[in-house]
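Worksheet: one structure, shown below.
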Amino acid sequence: MNQFELNTMNSNETDQFAAKLAGFLRPGDVISLEGDLGAGKTTFTKGLARGLGIKKIVNSPTFTIIKEYHGRMPLYHMDVYRVADSGEDLGFDEYFDGDGVTVVEWAHLIETQLPVNRLTIYLYQEGHENRKIVFEPQGERYEQLCKEIFS
Ligand code: ADP
Ligand code: MG
């Protein structure tokens, strides 16, 4: 599997890169965000939202699971930290197959609910403001996407 890597020196750089990524996204795209608390998953999502032309302030949907925003296309922002994956269908497909981009923080917690083809992004806290960001595309669409962004 191809991996792509990037280091950011502060939250602004993470935001900038996410906003750039947003320019390459299209309806039906699914992004998983993985990383410890404070790694920068929500920060990354804010940048994505900005890049999608969303003006509303994006904050963590930890207590609501899903928040919807409207920009150039809809953004479905999920934080599934408190969701238990029993294997039972939780009805997320309407978002994944929908007319917008879905971003899932802590996605591995609902592994069985997720489409196999997606872009997984791992954020690692390397220092106070240093983050290693690793992109792991699954499927042709996301391989291509990563090649374009990192070229
Ligand atoms: P998570 O959603 O993964 O729990 P948040 O995005 O809510 O993380 O929090 C990340 C925190 O780390 C924010 O306060 C952000 O300003 C800070 N931060 C510092 N450096 C970076 C960086 N390079 N990238 C992303 N966030 C950073
Ligand atoms: Mg978060």
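Return Leu90, Leu37, Leu114 ranked ascending by Cβ neighbour count within 10 Å, so the fewest neighbours appear first.
Numbers: Leu90 15, Leu37 8, Leu114 22.
Lowest count first: Leu37, Leu90, Leu114.
Rounded to a whole number, what is D in µm²/s for segment 103-151 from Stokes-Einstein with the Kirkwood radius over alpha-carbon pairs (37 °C, 0.692 mPa s)?
For the chosen part, D equals 270 µm²/s.
Run the helix sum for the chain: -39,500 (n - 2.57) per DSSP H stretch of 4+ residues, divided by residue count, reported at 222 nm to the nearest 500 deg cm²/dmol.
The helix-only estimate for the chain comes to -7500 deg cm²/dmol at 222 nm.
Efficiency by 1/(1 + (r/R0)^6): what FRET value for Asn130 and Ser151, r their Cβ-Cβ distance, R0 = 35 Å, to the nearest 0.05?
Efficiency at R0 = 35 Å is approximately 0.90.
Arrange Thr42, Thr8, Thr112 by Cβ neighbour counts within 10 Å, fewest through most, would you?
Fewest to most other Cβ atoms nearby, the residues stand as Thr112, Thr42, Thr8.
Assuming a strict under-19 Å limit between Cα atoms, what lysine pair count do you get for segment 1-144 once near-sequence pairs (fewer than 8 apart, same chain) are dropped?
Value for segment 1-144: 15.
I want the antiparallel fraction of DSSP beta bridges within the chain, as a percent rounded to 5.
Counting only bridges with both partners in the chain, antiparallel ones make up about 55 percent.
Mind checking the dipole of the chain: about its Cα centre, +1 per Lys or Arg Cβ, -1 per Asp or Glu Cβ, Debye to the nearest 20?
The calculated dipole for the chain is roughly 700 debye.
Treating only the Cβ of Lys, Arg, Asp and Glu as charged (+1, +1, -1, -1), what charge dipole size does segment 47-89 show about its Cα centre? Round to the nearest 20 debye.
480
For segment 93-142, state which trypsin sites (Lys or Arg not before Pro) are in a DSSP loop and have at most 10 other beta carbons lying within 10 Å of their beta carbon.
none
Pick from Gly51, Gly28, Gly87: which residue has the top mean-square fluctuation in a GNM of the chain where Cα pairs under 10 Å get a spring?
Taking springs between Cα atoms under 10 Å, the residue moving most is Gly87.
Using the 10 angstrom Cβ neighbour count as an exposure proxy, how do Val30, Val134 rank, fewest first?
Val134, Val30
Quick one: compute a quarter of the convex hull surface over the Cα atoms of the chain and quote it in nm².
Mean orientational projected area (the chain, Cα hull): 8.3 nm².
Values quoted throughout were computed directly from the atomic coordinates according to the rules given, and no laboratory measurement underlies them. Only a predicted model underlies this, so the values are computations on that prediction, with no experimental measurement involved. All Cβ positions, even for glycine, are placed from backbone atoms using ideal geometry, and neighbour counts span all protein chains on display.
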